[in-house]
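Quick notes on the structure that follows.
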Amino acid sequence: MNVWFSWHFWSLFLLGPPPDRSDRCRFCLIPIFLATGVLLGSTGCQPSHWLVKKQDAWSVFGHMPFQSESSIDPSERTHQTLKRLVLGEELEEDPEQAFAQLQKILQQEPSAEVLYAYAEMAYLLATTVEEEDEKRAFDLYVTSAANACEYLFDERFHATRNAYDPQFRGACDLYNHSLASAMRMINHHGGLKPGLQHFCNVGTESTLFRISSQVEHLKQDNIKKLDFVSDYEISGLPNHYRTYGLGVPLIVERRPDNKRAMLEKHYPPGLTIPVTAYLRVSTHRKSDADDTTIREAVLELHNPLQTPNVQVAGQWIPLESDSTTPLAHFLDHLDYTDVSAATSGLLHPDESPHPSGLYMLEPYQPGKIPVLLVHGIWATPISWMTMFNDLRSIPEIRRHYQFWCYFYPTGEPFVYTAADLREQMIQLRKLLDPQRAEPALEQIVMIGHSMGGLISRLQSVDSGDLFWQQVASQPLDVAKADPDTRKQIERTFFFRANPSVRRVVTIATPFAGSDLSNPTTQWLGSKLIKPPKIISDSLMKLNRENPDLLREGIADPTPTSLEMLAPGSAALKALAAATPAPWVSYHNVIGRTEQRDFLHKVTGDGDGVVSVASAHAGDAISEIVVNADHQTIHSHPQTVREVRRILLSHLSSLQLTKEEQSPERFEAAAAYFR
């Protein structure tokens, strides 16, 4: 959604007809607010609600085609099987007795048809007793799922099994429905956690049901909350990604691990994980003294992003999964909105209550390459969620990449923000890989939108003294400064390229600035935006102790982010002149629309904020132009496809060999992480 409408609309809406003489001053201020607002609001606004809770009647997978609300009404195939076994009349008179007789026949003369009928009858009986006898209903649901599983995989029926038979597909649905119903009953009582064990007794058969997590970071104490994907509908993301197979898709909110407090700081609060529950049924049975047969059924919790298939009876079976709904659930339960967090971070970067930092959007996975997303001005990582959702749906990308994001207060000048990101990347690397032995962490791909593209670019260049020379007439070495002040200045103005960053993708990035950042909007921005105190204090102190240090004409050593985006700004000149690391490849995406509204008259041919000329990157090995405005270009399908191409190309060209570790890069890495 675009927050800012056309100039003519706002003029009429705010002021009505053209002003008389007494209102001219107020009228003249409107372009100032509009231009500043458009520049600051370059990422547009995000939805306030990402999910819709379904009504109770929708809350399970839906009704089975043969299910009746008040009676036992089996499918036509099962009814035929019962009649063949002379159980048709008994079904109508006493369904429980018919079910018991069916169990005996199955044990004496096992067949696929009888097995399916038994599983279906167990499900139907469970639905009729669920309200009055929960334990009985749970035992029946588990029995139904376990026998549906045997129908699908038992070697005894391999010769007659037909995947094209509607009954085979019905067995898959029966397995998923029964399992979901059983899990809902456990979850209602808070027992759906690893470690649970329960004997499900049905007639002369007993099933030992237990729960086991196959996800390393999801053990009993790490699950804070669990929800069912089927309880929700997506409302805030354009695409909904699911895979189809066996199992029950879940939303799991993880509980922070207090034993790893430093690493937990890099997970966003309330992070949710897609999980699929799969019931693995043992075909081996044993009998006890009462001639009751016992088998085991283990409810396995899998992360389908890491384990999309499970091996059963010598074949790989796809898991039913949903990666979008858990993401939407996480976004819907954030304690801030995109606009509120972005606004406080812009206007009051020192006072913003929202947690800025470098975050992993999923638990860390060794062996996967990080893709680091950096948002633009007046935005938050929420602005990346459409692209993140789309890219994570691609199996090849999901197998080889993991996604991180950088959340920062955009009122800070981007050179200072880049210094903070630089340090956070070093700190996170030390936490994840203190020995620097993980090759995937040497292949980081950065993607930046708008000002985030400049911050990303700054991770891949050597500063030399270019940035310092833009503001100072003397070397820092000769300046009087206490250790803390000198350290603050050095971390900002003097830096080296990060040897772990291998590709940088910039999207609608104002390399040469934006004409929306002009003296008028800069003046207004200076009145609204308060620069970070630690930065302004350090530079002002340095200036007081060294009166001749700053260059003539540098009135304010702490420019706002708006001022740094002005065409010809000192920071942009220094970045353009900085030497890129030889190991980094650049890719660029430019926005361009055919609109010729007020903004395009100010900024020229481009996306309404950044001109085509300013967004051009001369050293990019690939560059495309997308028909999109500045607010939506990083979620545009063409941009997502281009990023997909870049990530897959990176994989195809990647060779983690000794030859790739050149002495130059090895020495740079050793010095950088020292």
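The values are calculated or read from the model by the stated rules, or taken from the named source; none is laboratory data. All values reported here derive from a predicted model rather than from experimental measurement. Cβ atoms come from the backbone with ideal geometry, glycine included; neighbour counts cover every protein chain shown. When the accessible area is computed, the model is the full protein with side chains, heavy atoms only, and any ligands, DNA or RNA have been set aside. Shrake-Rupley method; radii C 1.70, N 1.55, O 1.52, S 1.80 Å.
Out of Ala570, Ala578, Ala566, which single residue is crowded, with 17+ Cβ neighbours inside 10 Å, farther than 26 Å from Ile382 by Cβ, modelled with pLDDT of 95 or more and more than 32 Å from the chain's Cα centre (by Cα)? Sole residue among the options that is crowded, with 17+ Cβ neighbours inside 10 Å, farther than 26 Å from Ile382 by Cβ, modelled with pLDDT of 95 or more and more than 32 Å from the chain's Cα centre (by Cα): Ala578. Checking every residue in the range 326-337 against the condition of being assigned to a helix (DSSP H, G or I) and surrounded by fewer than 18 Cβ atoms within 10 Å (Cβ to Cβ) gives zero matches. The set of residues in the range 189-233 being hydrophobic (A, V, I, L, M, F, W, C), open to solvent by 40 Å² or more (accessible area, probe 1.4 Å) and assigned to a strand (DSSP E or B) consists of Phe199 alone.
Within the range 168-180, the residues that satisfy the criterion of being out of contact with any Leu (no Cβ under 9 Å at 6 or more places or on another chain), open to solvent by 10 Å² or more (accessible area, probe 1.4 Å) and touching a residue at least 12 places away in the same chain (Cβ under 8 Å) are Gly170, Asp173, His177. Would you say Asn588 is of a type outside the set (Gly, Ala, Ser) and in contact (Cβ under 8 Å) with a residue 60 or more places away in the chain? Yes. For the range 306-317, indicate whether the set of residues that are open to solvent by less than 20 Å² (accessible area, probe 1.4 Å) and either in a loop (DSSP other than H, G, I, E, B) or at pLDDT below 95 (or both) is non-empty. Among the residues of the range 306-317, not one is open to solvent by less than 20 Å² (accessible area, probe 1.4 Å) and either in a loop (DSSP other than H, G, I, E, B) or at pLDDT below 95 (or both), which makes the answer no.
Just to be sure, is Asp619 touching a residue at least 24 places away in the same chain (Cβ under 8 Å), among the acidic types (Asp, Glu) and either open to solvent by 10 Å² or more (accessible area, probe 1.4 Å) or in contact with a helix residue (DSSP H, G or I) (Cβ under 7 Å, 6 or more places away or on another chain) (or both)? Considered against the rule, which asks whether it is touching a residue at least 24 places away in the same chain (Cβ under 8 Å), among the acidic types (Asp, Glu) and either open to solvent by 10 Å² or more (accessible area, probe 1.4 Å) or in contact with a helix residue (DSSP H, G or I) (Cβ under 7 Å, 6 or more places away or on another chain) (or both), Asp619 comes out as yes.
For the range 111-152, a tally of residues being outside any helix (DSSP H, G or I) and in contact (Cβ under 8 Å) with a residue 40 or more places away in the chain returns 2.
For (1) farther than 17 Å from Asn303 by Cβ; (2) of a type in the set (Lys, Arg), each residue gets a yes or a no:
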{"residue": "Tyr232", "(1), (2)": "yes, no"}
{"residue": "Glu253", "(1), (2)": "no, no"}
{"residue": "Pro256", "(1), (2)": "yes, no"}
{"residue": "Lys265", "(1), (2)": "yes, yes"}
{"residue": "Thr276", "(1), (2)": "no, no"}
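When Leu102 is tested against (1) in contact with a Phe, Trp or Tyr (Cβ under 8 Å, 6 or more places away or on another chain); (2) free of Cβ contacts under 8 Å to residues at least 40 places away in the same chain; (3) under 17 Å from Cys149 (Cα atoms), only condition (3) is not met. Scanning the range 367-425 for residues that are of a type in the set (A, V, I, L, M), within 17 Å of Leu454 (Cα to Cα) and part of a strand (DSSP E or B) turns up Val371, Leu372, Leu373, Val374. Checking each residue of the range 272-279 against the condition of being at pLDDT 95 or above, over 20 Å from Phe403 (Cβ atoms), aromatic (Phe, Trp, Tyr) and in contact with a Leu (Cβ under 8 Å, 6 or more places away or on another chain) gives at least one match.
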